[in-house]
2 protein chains.
Amino acid sequence: MTYCVGMMLRSGLVFMSDTRTNAGLDNISTFKKMTIWEEPGERVMTLMSAGNLATTQAVVSLLEERSKHPEDRTPSLLRAPSMFQAACMVGDTLREVIKGLREGGQRADSAFEATLILGGQIAGSPPRLFLIYPQGNFIEAGEDTPFFQIGEIKYGRPILVRAYDPDISFADALKLLLVSFDSTLKANLSVGAPLDYFCYRTDSFEKKHVGRVEADNPEFQAISTQWGNALKQALDTLPDVHLNTN
Amino acid sequence: MTYCVGMMLRSGLVFMSDTRTNAGLDNISTFKKMTIWEEPGERVMTLMSAGNLATTQAVVSLLEERSKHPEDRTPSLLRAPSMFQAACMVGDTLREVIKGLREGGQRADSAFEATLILGGQIAGSPPRLFLIYPQGNFIEAGEDTPFFQIGEIKYGRPILVRAYDPDISFADALKLLLVSFDSTLKANLSVGAPLDYFCYRTDSFEKKHVGRVEADNPEFQAISTQWGNALKQALDTLPDVHLNTN
């Protein structure tokens, strides 16, 4: 499994992904699930993936190849006129890869499927964030749904639903995401550190604020250990219930 | 879907279950998923169910019928010599019902399946808590795993993992469960209020502290609205992270 979150803030976009992949419980590896394309001053795009690793790597490789020499190859993400067109391109590539695998004589139902989050900005337009389905179609984040999760989404969702605020800083957004990821890590063996992150500041058009949080990062560990106590204190601040317990 | 939690405390057992059942998104009903059997002064048993409603109702009806005139019918939950034997009996009944449905010419793979939580106490032994699988086998709660969840378990799990403490009072346990259920209700349409609860005090051998929390219960609403703020404040108490965000 996997856990990735893409989030829209007033100040930009924030992405975080885990790095664990597994084929069964006894075959665990670490792979980066976040890819960033950059044309400094002109566009930045981030892609995160959940699902079949072969599928997602094929999608990224195809997009990479087409982006390295954009003059020679079309369509290229680095030539897409808008984030919408970029999302179409990624969706088409995803559908194409899954279709190719299915037609290759393999029958595995949904085993080749993958779901993607694409976010970024092209000069002249605001940042945009998309959730791309295995079928190649996609939905876009907005004020009502300002973040997308893919993979093992349930454990880490309640804290995001409650504490998300479009006005928080990048540092607070990363803190919120670390809590959400920590809740997931604690509950599900198929999600694992290190965690990759990227905070994109609107109109910066640069790949900055990129990093990786290792499992033994002391700040991450402090958050993890202190969150349990913070939750207990939060419970204590709630009003008493006077149900039938006496 | 469904969400039920059974929890062992030093002072006894606490159970909570939602009441929503659905066949598709447009066919929603309210059914009680908690059944309590009582022989005052001698034994109390609680059963909660998740899964196919027809299966779980058949299991409860069979167990009920056999318990009403325990002299005439064996095996009866009210004559089981131990909670272990009671769990065997419930597991056998569950397997029998699922097998009967499968052999009735219907093919629906796991569609007839159900999972149960059984907890209670028989005079002379301590309280015990079991999770019973569709195959009829079961596991028992202990100090390392002091609570069981069935149904839509993921959203409400992180708060239980972090804040569970065997020494909390019934009132605080219900508060914790209301938060766990509220997180689930907010995220999943297939789990819904009212919520049934039962707090069983060890060696009381009586069905007391039983009740139902309606969606418009003002204390539940206060907890639901204030939990978001409490979480934000809990986040604020966490140490700052100095990742690459400047």
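The values are calculated or read from the model by the stated rules, or taken from the named source; none is laboratory data. On a predicted model such as this, the values are computed, not experimentally measured, just so you know. Ideal geometry is used to build each Cβ from the backbone, glycine not excepted, and the neighbour counts take in all protein chains shown. In case anyone asks, the SASA skips ligands and DNA or RNA and just uses the protein heavy atoms, side chains included. Shrake-Rupley method; radii C 1.70, N 1.55, O 1.52, S 1.80 Å.
Below, the figures for the structure above:
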{"quantity": "Boolean, B:Ile139 is of a type outside the set (D, E, K, R), more than 29 Å from B:Cys88 (Cα to Cα) and surrounded by fewer than 21 Cβ atoms within 10 Å (Cβ to Cβ)", "calculated": "no"}
{"quantity": "Options A:Lys208, A:Lys186: the member that is more than 7 Å from chain B (Cβ to nearest Cβ), surrounded by fewer than 19 Cβ atoms within 10 Å (Cβ to Cβ) and of a type outside the set (Val, Ile, Thr)", "calculated": "A:Lys208"}
{"quantity": "Unmet criterion (only one of (1) of a type in the set (D, E, K, R); (2) in contact with a helix residue (DSSP H, G or I) (Cβ under 6 Å, 6 or more places away or on another chain); (3) under 25 Å from A:Glu38 (Cα atoms)) for A:Arg162", "calculated": "(3)"}
{"quantity": "Pair list, Cβ < 9 Å and 6+ apart or interchain, from the range A:160-183 residues that are within 15 Å of B:His242 (Cα to Cα) and of a type in the set (D, E, K, R) to residues that are part of a helix (DSSP H, G or I) and open to solvent by less than 40 Å² (accessible area, probe 1.4 Å)", "calculated": "A:Asp172/B:Leu235; A:Lys175/A:Ile223; A:Lys175/B:Leu235"}
{"quantity": "Subset of the range B:4-52 (residues that are more than 13 Å from B:Leu118 (Cα to Cα), among the hydroxyl-bearing types (Ser, Thr, Tyr) and open to solvent by 10 Å² or more (accessible area, probe 1.4 Å))", "calculated": "B:Ser11, B:Thr21, B:Ser29, B:Thr30"}
{"quantity": "Candidate set: the range B:152-183, residues that are charged (D, E, K, R) and in contact with a strand residue (DSSP E or B) (Cβ under 7 Å, 6 or more places away or on another chain); chosen: the one farthest from the other protein chains (Cβ to nearest Cβ)", "calculated": "B:Glu152"}
{"quantity": "Filtered residue count, the range B:195-205, keeping only those that are among the aromatic types (Phe, Trp, Tyr) and either open to solvent by 50 Å² or more (accessible area, probe 1.4 Å) or facing another protein chain (nearest Cβ under 9 Å) (or both)", "calculated": "1"}
{"quantity": "Only one of A:Asn244, A:Asn229 that is of a type outside the set (A, V, I, L, M), facing chain B (nearest Cβ under 9 Å) and not in a helix (DSSP H, G or I)", "calculated": "A:Asn244"}
{"quantity": "Residue check for A:Phe148: open to solvent by less than 30 Å² (accessible area, probe 1.4 Å) and touching a Leu at 6+ places or on another chain (Cβ under 6 Å)", "calculated": "yes"}
